[in-house]
1. From the convex hull of the Cα coordinates of region 182-256, what is the mean projected area in square nanometres?
2. For the chain, max minus min Cα coordinate along each principal axis, in Å, sorted largest first?
3. Given labels modelled 7 Å from the Cα in the Cβ direction, how far is it in nm from Ala98 to Glu228?
4. Quick one: which residues, 5+ away or cross-chain, put their amide H under 5 Å from the amide H of Phe100? H built at 1.01 Å from N.
5. If you average over every viewing direction, what projected area does the convex hull of the Cα atoms of region 150-300 give, in nm²?
6. Over all distinct Cα pairs, what is the inverse of the mean 1/r for region 2-168, reported as the Kirkwood hydrodynamic radius in Å?
7. Please turn the phi angles of region 108-118 into ³J(HN,Hα) values with the Karplus equation 6.51 cos²θ - 1.76 cosθ + 1.60 (θ = phi - 60°), one per residue in order, whole Hz, x for glycine and proline.
8. For the pair Ala134 and Asp242, how long in nm is the line joining their label points, each one 7 Å along Cα→Cβ?
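Read the figures in this text as sums done on the coordinates, not as results from a lab. Keep in mind it's a predicted model, so treat the numbers as computed, not measured. Glycine gets a Cβ as well: all are built from the backbone with ideal geometry, and neighbour counts include every protein chain shown.
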Amino acid sequence: MLYGAYLFKCRFESEARLPVYKGSTFRGVFGRALKQVVCALKRQACPTCLLKFECLYPAVFEPRLAIAQTDNGGRTSLPHPYVIQPPPDVQSIYPEGAPFNFNLLLFGSVNKRLPYFVYALDQMGRIGIGKKIAGRRATFRLEAVESSGQEIYTSGDQKLSDTTPCTDLKLPPAKDQQRGDSTIALKFETPLRIKHHNHLSRELPFHLLVRAMLRRAATLLNHYDGGEPDLDYAGMVRRARDVKMVNTTLVWEDWRRYSLRQDQTMMMGGLKGSVTYAGDLGEYLPLIDFCTKVHLGKQTTFGLGRFSVEATS
């Protein structure tokens with residue numbers, strides 16, 4: 001799967017007031033800006049638009065509309081090809097002139113349309129984000145874009161590099177998976193929301209983590225890389241039950257977000273903290289590494305389910 005991680009370096013042009021978790025705010029304005037940039041038939045609703053199979057907006061924000069039903073495998077929802085990683089700090093007030101950065105992760109062929117994303121995020125700065133101050137939202141200036149430590153765009157020349165760094169993100173086949181006892185410590189940096197038996201889980205036994213990781217990897221690779229990975233799904237879940245949780249600081253953290261589409265405030269709690277597992281972990285390490293790059297669980301598009309490996313032994 002073609003994978004790109006892009007760092008957007010910005011600077012506020014006026015005072016900004018943002019929520020502690022900024023991803024939802026970013027995603028809403030980003031969607032509005034992208035639609036303004038790419039929509040050719042602005043009075044036409046996406047579901048009935050003649051161009052929905054070619055337009056970038058439904059491919060990004062409503063992927064189920066962007067492919068023919070016969071190609072959908074009967075699914076009612078599909079994974080979005082992006083994740084917004086907002087600033088990791090809990091700062092909510094930024095003075096005029098303050099810098100701030102955020103990451104945009106792109107999956108699959110949308111990486112080839114990066115100029116549209118750069119332009120849309122530049123326009124997002126003109127639209128403004130956050131709470132209104134003196135009747136207007138905070139505007140910001142996109143100064144540069146980096147990928148793999150390489151500067152690929154600057155506001156000075158407004159040119160995008162012809163060679164945009166991307167990687168081919170895959171999982172090794174089942175026959176190449178290694179086995180062996182070890183321990184691993186994972187840190188969940190943004191709330192993790194995983195459903196089990198139709199309820200959000202407030203615990204994270206290893207088998208539940210593995211189910212969520214397999215689901216995330218399979219749906220992304222199936223839709224954006226031409227097929228699911230060759231893994232022993234049932235066997236991996238079964239063996240995961242033998243892996244023990246030996247230490248945890250995971251806690252449930254609630255936060256609120258306002259949904260413009262539903263015109264209401266919503267609770268978006270999830271698990272944060274660290275957890276250590278011990279057992280026969282070898283075959284799961286590539287899967288864990290994959291999911292640290294693409295996030296996990298529900299509401300990944302605005303940055304939830306971000307985690308990292310703290311230590312292994």
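1. Details: hull surface 26.7 nm².
So the mean shadow area of the Cα hull is 6.7 nm².
2. So the extents along the principal axes, rounded to whole Å, are 56, 44, 40.
3. Placing both labels 7 Å along Cα→Cβ, they lie 4.6 nm apart.
4. Counting only residues 5 or more places away or on other chains, the set is Cys10, Arg11, Phe12.
5. Details: hull surface 50.3 nm².
So the mean shadow area of the Cα hull is 12.6 nm².
6. Working: mean 1/r = 0.0592 Å⁻¹.
It is 16.9 Å.
7. Rounded to whole hertz, the list is x, 5, 5, 4, 6, 10, 3, x, 5, 5, 4.
8. 6.7
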